[in-house]
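Undergrad: Dropping the structure in here first, questions after.
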Amino acid sequence: MRVSANGNTIYGVYLPSGTKSTNGSSSSCTSYCGYHSSFTYNNQTILYAVLPYLNCSGCSLAGKTVLDMETIVSSHEIRE
């Protein structure tokens, strides 16, 4: 499926379990639980958020499931 670039959309990139993401020298589950950024494509600013699968101790809260954590971090990154 092809998605057209849209400067009014925030693209969420959800990673599967077992996948580690890096942002510079930082990595998921140790330095961050998700991050957002942007880039320019065809003169449009494209917004995106990278959301690792949060089944790690660095991104957990007592009593919260992985789905709870994904929801909390997703809403945080999209809101910023």
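The values are calculated or read from the model by the stated rules, or taken from the named source; none is laboratory data. Just so it is clear, the model here is predicted, and its values are computed rather than measured. FYI the Cβ positions are ideal-geometry reconstructions off the backbone, even for glycines, and counts take in every protein chain you see. Each accessible area value is taken on the protein alone, full model and side chains, heavy atoms only, with ligands, DNA and RNA left out. Shrake-Rupley method; radii C 1.70, N 1.55, O 1.52, S 1.80 Å.
Undergrad: Taking into account only those residues within region 19-35 that are open to solvent by 80 Å² or more (accessible area, probe 1.4 Å) and not basic (Lys, Arg), which is farthest from Tyr53 (Cα to Cα)?
TA: So the residue we want is Ser25.
Undergrad: Residue check, Glu70 against (1) in contact (Cβ under 8 Å) with a residue 24 or more places away in the chain; (2) touching a helix residue (DSSP H, G or I) at 6+ places or on another chain (Cβ under 9 Å), all met but one. Which one?
TA: (2)
Undergrad: Out of the residues in region 37-74 that are open to solvent by 80 Å² or more (accessible area, probe 1.4 Å), outside any loop (DSSP other than H, G, I, E, B) and not polar (S, T, N, Q), which is modelled with the lowest pLDDT?
TA: Taking the candidates together, the pick is Tyr41.
Undergrad: A further question on this structure: Within region 3-18, is even one residue out of contact with any strand residue (DSSP E or B) (no Cβ under 8 Å at 6 or more places or on another chain) and open to solvent by less than 40 Å² (accessible area, probe 1.4 Å)?
TA: no
Undergrad: Please specify each residue of region 40-56 satisfying the condition of being out of contact with any His (no Cβ under 8 Å at 6 or more places or on another chain) and closer than 16 Å to Glu77 by Cα.
TA: Matches in region 40-56: Ile46, Leu51, Pro52, Tyr53, Leu54.
Undergrad: Only one of Ser27, Ser17 is outside any loop (DSSP other than H, G, I, E, B), farther than 15 Å from Ser75 by Cα and among the polar types (S, T, N, Q). Can you tell me which?
TA: The match here is Ser27.
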